[in-house]
Amino acid sequence: MRIIVRDTAVEAAEHAADLVVDSAGGVLGLATGSSPQPLYAALAARVADGSVDFGRTRGFALDEYVGLDPAHPESYHSIIARDVIGPLGFSPSRVFVPAGSGTLDEVDARALDYDAAIAAAGGVDVQILGIGSNGHIGFNEPGSAADSVTRRVDLAPSTIAANSRFFRSAGEVPVQAVTQGISTILRARSIVLVASGAAKARAVRAAVEGPVGESCPASFLRLHDEVTLCLDSAAASQL
Ligand code: GLP
């Protein structure tokens, strides 16, 4: 695991962007949340100046809420369209987001197909990740197993509370999600995790220095040979 620390999130995102452009024309694993936004902005600037082209790149998102209309502005379908497909110039037909709507049986069946779709595309070249303040990656909450695959999960109360800032109230936040599993994520050829702010410092320390195990899902990244953490100094402050 390589750890890159920069003064600001914007500087850390520039380093992450250097690593992500290698996936252009291949397969990029896409994260949502506020953490990757400076990275997407850095990539959008490179698209605008013509130094990279994602038009033929395939994208696979990490996760999606269950039971939220894909057209809802906070669905990950909407966020991927807004933050990634538009600004980075992906072809919409080449970007895939787990299905969170329909009956639960349909959601489960489509989750089962997701890992096969990634494999059929040749596997993820570079997986972008954020980290939850409880150490989650994607929506793999504490307790997620190393061999987990894409599946429907319950969200931790702390995740519902953290994500309520995007909704009118905590009661509106979905209580379940579909997420790529830990083993799905670890199948990527390389992984770039971005984290910024003091609120992530404890989770970053647990991921880097704590035991490898289910209590901090991000700690499983230490089982992979090609992982880079791009941190601002606040997120790295407890290392
Ligand atoms: C969300 C997402 C994760 C994200 C994390 C942190 O709930 N499912 O993919 O990395 O929580 O979010 P943020 O970057 O907004 O702090």
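Taken together, the values in this text are just the output of simple stated rules run on the coordinates, not laboratory data. The structure presented is a predicted model; accordingly, all values stated were derived computationally and were not measured. Glycine also receives a Cβ, built like all others from the backbone with ideal geometry; neighbour counts cover every protein chain displayed.
Brief remarks on what is shown
- Qualifying residue in the range 30-46 (condition: within 13 Å of Val95 (Cα to Cα) and either within 15 Å of the ligand (Cβ to nearest atom) or polar (S, T, N, Q) (or both)): yes
- Pair list, Cβ under 7 Å, 6 or more apart: the range 60-86 residue among the aromatic types (Phe, Trp, Tyr), other residue in a loop (DSSP other than H, G, I, E, B) and within 13 Å of the ligand (Cβ to nearest atom): Tyr65/Ser75; Tyr65/Gly100; Tyr65/Pro174; Tyr76/Thr32; Tyr76/Val97
- Count - residues of the range 132-167 that are in contact (Cβ under 8 Å) with a residue 60 or more places away in the chain, in a loop (DSSP other than H, G, I, E, B) and within 17 Å of the chain's Cα centre (by Cα): 11
- The residues of the range 134-155 that are under 20 Å from Ser101 (Cα atoms) and not basic (Lys, Arg), listed by number, are Gly138, Phe139, Asn140, Val149, Thr150, Val153, Asp154, Leu155.
- Among residues of the range 181-202 that are more than 10 Å from the ligand (Cβ to nearest atom), those with a Cβ under 6 angstrom from a residue that is aromatic (Phe, Trp, Tyr), sequence gap 6+ or separate chain, pair up as Ile182/Phe220.
- Just one of the listed residues (Ser158, Ser93) is surrounded by fewer than 16 Cβ atoms within 10 Å (Cβ to Cβ), of a type in the set (Ser, Thr, Tyr) and within 15 Å of the ligand (Cβ to nearest atom), namely Ser158.
- Taking the listed residues Glu64, Glu74, the one that is under 27 Å from Ser133 (Cα atoms), in contact with a Phe, Trp or Tyr (Cβ under 9 Å, 6 or more places away or on another chain) and crowded, with 23+ Cβ neighbours inside 10 Å is Glu64, with no other qualifying.
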